[in-house]
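The values are calculated or read from the model by the stated rules, or taken from the named source; none is laboratory data. None of these values were measured; they are calculated from a predicted model. Cβ coordinates were reconstructed from backbone atoms using ideal geometry, including for glycine residues, and neighbour counts include every protein chain displayed.
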Amino acid sequence: MPASPSPRASTIAGGTAPAAARLIGLKKTYFKPDGSVLVEALRGLDLVIPRGEYIAIMGASGSGKSTLMNLLGCLDRPTAGRYELDGAAVESLDDDELSRVRGQKIGFVFQAFNLISELSIAENVEIPLLYQGVSGPERRDRAAESLRIVGLDNRMHHRPRELSGGQQQRAAIARALVGRPAILMADEPTGNLDSTTGKQILETFEELHAKGLTLIMVTHDDRIAARCERVVRLADGDLESDRDGGGRMARADA
Ligand SMILES: Nc1ncnc2c1ncn2[C@@H]1O[C@H](COP(=O)(O)OP(=O)(O)OP(=O)(O)O)[C@@H](O)[C@H]1O
Ligand SMILES: [Mg+2]
């Protein structure tokens, strides 16, 4: 199916502030060992994500959502095309530069919370700063600040298993925020949670969105997507649709 042109790409690309992310003709092809094409996971995607947007990525299994998230999150490189993150081209960076950009600009939240069970919640949240060489006292201050943002400062010294599922996911969000990223990316962040707990996570995201953070979330749930500002749907590695979500309409008077 051919990609329908994004109605936003032209209008927003004309603005002055750099977009949080801008993809031009982005392709990801997986090859067989003999060099022939195995899968065209993304077929030349054009997408502009303005700073501060809260966007849901949807699409059937195998449509390319995780591939797109991996590229946006600098975990992987495109086969062809251009990716500008916060105004800077990233497709040409070498591995070290790519992981530095990832550490500085991107926060990840996964479906499985991926907390280290032997460490306290505060120690888990400090980990990204350890990789950035931030000093001990500053790490502790910033972990505490991050945990305050997600309402978990009273659980800092607990181990992950002493927390509920929703609290563990909030700790994972605090860990994603501690590096003060430009973009928070979440792949099915409520997939392992019951609906009440999932709602609390969405409220946390909405508070972060209100503070101006750019949020990109993969979800299969229409009710969750309806709370985002924008819903991008992939089909077979192409853009199938790009429309406003209920979140933007609700804020139309803002
Ligand atoms: N490392 C890989 N090697 C080969 N093919 C891959 C690889 N990763 C993904 N693919 C293929 O690329 C396509 C897109 O996969 P992707 O994981 O992005 O889908 P998805 O939309 O995230 O699906 P789901 O909803 O099941 O998570 C699929 O056809 C998949 O089989
Ligand atoms: Mg996936």
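If Glu40 meets every condition in (1) modelled with pLDDT of 95 or more; (2) closer than 30 Å to Arg227 by Cα; (3) not polar (S, T, N, Q) apart from one, which number is that one?
For Glu40, the exception is condition (2).
Counting just the residues of region 202-227 that are within 16 Å of ligand 2 (Cβ to nearest atom) and in a loop (DSSP other than H, G, I, E, B), which one comes out surrounded by the fewest Cβ atoms within 10 Å (Cβ to Cβ)?
Residue satisfying both the conditions and the ranking: His220.
Looking at region 228-245, which of its residues are outside any loop (DSSP other than H, G, I, E, B) and under 29 Å from Thr29 (Cβ atoms)?
Listed by number, the residues that qualify are Arg230, Val231, Val232, Arg233, Leu234, Ala235, Asp238, Leu239, Glu240, Ser241, Asp242, Arg243.
Just the residues that are surrounded by fewer than 19 Cβ atoms within 10 Å (Cβ to Cβ), free of Cβ contacts under 8 Å to residues at least 40 places away in the same chain and closer than 24 Å to Ala60 by Cα, please, taken from region 169-201.
Asp194, Ser195, Lys199
What number of residues within region 159-168 satisfy the criterion of being assigned to a helix (DSSP H, G or I), in contact (Cβ under 8 Å) with a residue 24 or more places away in the chain and over 16 Å from Ile127 (Cβ atoms)?
3
Please return the ranges of strands (runs of 3 or more DSSP E) entirely within region 14-106 where 2 or more residues are more than 16 Å from ligand 1 (Cβ to nearest atom).
Because the criterion is at least 2 residues that are more than 16 Å from ligand 1 (Cβ to nearest atom), the strands (runs of 3 or more DSSP E) in region 14-106 that meet it are 21-31, 37-49, 80-85.
So Lys199 fits all but one of (1) assigned to a helix (DSSP H, G or I); (2) within 16 Å of ligand 2 (Cβ to nearest atom); what number is the exception?
Failed condition: (2).
Please work out if Arg230 is away from ligand 1 (no atom under 16 Å from the Cβ), modelled with pLDDT of 90 or more and surrounded by 14 or more Cβ atoms within 10 Å (Cβ to Cβ).
yes
Mind listing whichever residues of region 48-70 are within 13 Å of ligand 2 (Cβ to nearest atom) and either surrounded by 21 or more Cβ atoms within 10 Å (Cβ to Cβ) or closer than 25 Å to Ala182 by Cα (or both)?
Ile57, Met58, Gly59, Gly64, Lys65, Ser66, Thr67, Leu68, Met69, Asn70, listed by residue number.
Does Phe113 qualify as being part of a loop (DSSP other than H, G, I, E, B) and of a type in the set (Phe, Trp, Tyr)?
yes
Taking Ala144, is it in a helix (DSSP H, G or I), surrounded by fewer than 20 Cβ atoms within 10 Å (Cβ to Cβ), small (Gly, Ala, Ser) and at negative phi?
Taking the combined requirement at face value, the residue satisfies it.
In region 101-141, what count of residues is obtained for those that are loosely packed, with under 13 Cβ neighbours inside 10 Å and of a type in the set (A, V, I, L, M, F, W, C)?
3
Within region 20-47, count every residue that is crowded, with 22+ Cβ neighbours inside 10 Å and away from ligand 2 (no atom under 16 Å from the Cβ).
6
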